[in-house]
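Only one structure is covered here, and it is reproduced in the block below.
The values are calculated or read from the model by the stated rules, or taken from the named source; none is laboratory data. Just so it is clear, the model here is predicted, and its values are computed rather than measured. When we count neighbours, we look across all protein chains shown, and the Cβ atoms used for this are built from the backbone with ideal geometry, even at glycine. What goes into the accessible areas is simple: the full protein's heavy atoms, side chains included, and nothing from ligands, DNA or RNA. Shrake-Rupley method; radii C 1.70, N 1.55, O 1.52, S 1.80 Å.
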Amino acid sequence: MKILVIDGPNINMLGVREPEIYGRDTYEDLVDMTRAKAREISAKNYEEGKDMVKVNFIQSNHEGELVTAIQKAYGMYDGIIINPAAYTHTSIAILDALKAVGIPAVEVHISDVSSREEWRQISYVREACIATVSGEGIAGYSHALEILVENIGKK
Ligand code: DQA
């Protein structure tokens, strides 16, 4: 089972960026923690004779690169975890890309967007996602991985 983790603009600045909102963990911590979760799920799945879970990561500050990453995932990945960051609230192109490939996707936000500004309440990508995880810090990516693996496993 191959999962692509896609992060949008400024997620590479985690740890430095507004730590009171996004915490002190870095993007590297996020990658390490999510990889560790994939190993944990794989070990459990192995015991149960189920698929191993492999995760790959892409971070970009450019909307078009995020769209291309989603397109290239077609036929290559079984699931997508996506934090489009600020593009969550603006990008119909990312929504359309997710709809185009039809790969099961989970939306993640590090901060609790529901308790922030009015304009952050809009999420274009949500329509193409099976679930949203918000306000759990970088651990939200591990949570999203559990949701995704369970959902794909049922199919
Ligand atoms: C974010 C929330 C967005 O509103 C913001 O623009 C981000 C990060 C989050 O992970 O909490 O860049 O997606």
**OP:** Within the stretch 52-62, identify whether any single residue is aromatic (Phe, Trp, Tyr), at pLDDT 95 or above and buried (at least 20 other Cβ atoms within 10 Å of the Cβ), and answer yes or no.
**Re:** no
Original post:
If you check Asn12 against the conditions, is it within 16 Å of the ligand (Cβ to nearest atom), closer than 27 Å to Ala97 by Cβ and in a helix (DSSP H, G or I)?
Top reply: yes
Subject >> Unmet requirement for Gly49, which otherwise passes all of (1) on the phi > 0 side of the Ramachandran plot; (2) modelled with pLDDT of 95 or more >> reply: (2)
Subject >> Pick from the stretch 93-132, criterion open to solvent by 70 Å² or more (accessible area, probe 1.4 Å) and among the aliphatic types (A, V, I, L, M), ranking: nearest to the chain's Cα centre (by Cα) >> reply: Ile130
Subject >> Residue identified as assigned to a loop (DSSP other than H, G, I, E, B) and over 16 Å from the mean Cα position of the chain (by Cα) among Arg39, Arg24 >> reply: Arg24
Original post:
On the given criteria, is Ile70 in a loop (DSSP other than H, G, I, E, B), over 16 Å from Tyr141 (Cβ atoms) and open to solvent by less than 60 Å² (accessible area, probe 1.4 Å)?
Top reply: no
Original post:
Name the residues in the stretch 86-121 that are more than 10 Å from the ligand (Cβ to nearest atom) and hydrophobic (A, V, I, L, M, F, W, C), would you?
Top reply: Ile92, Ala93, Ile94, Leu95, Ala97, Leu98, Ala100, Val101, Ile103, Ala105, Val106
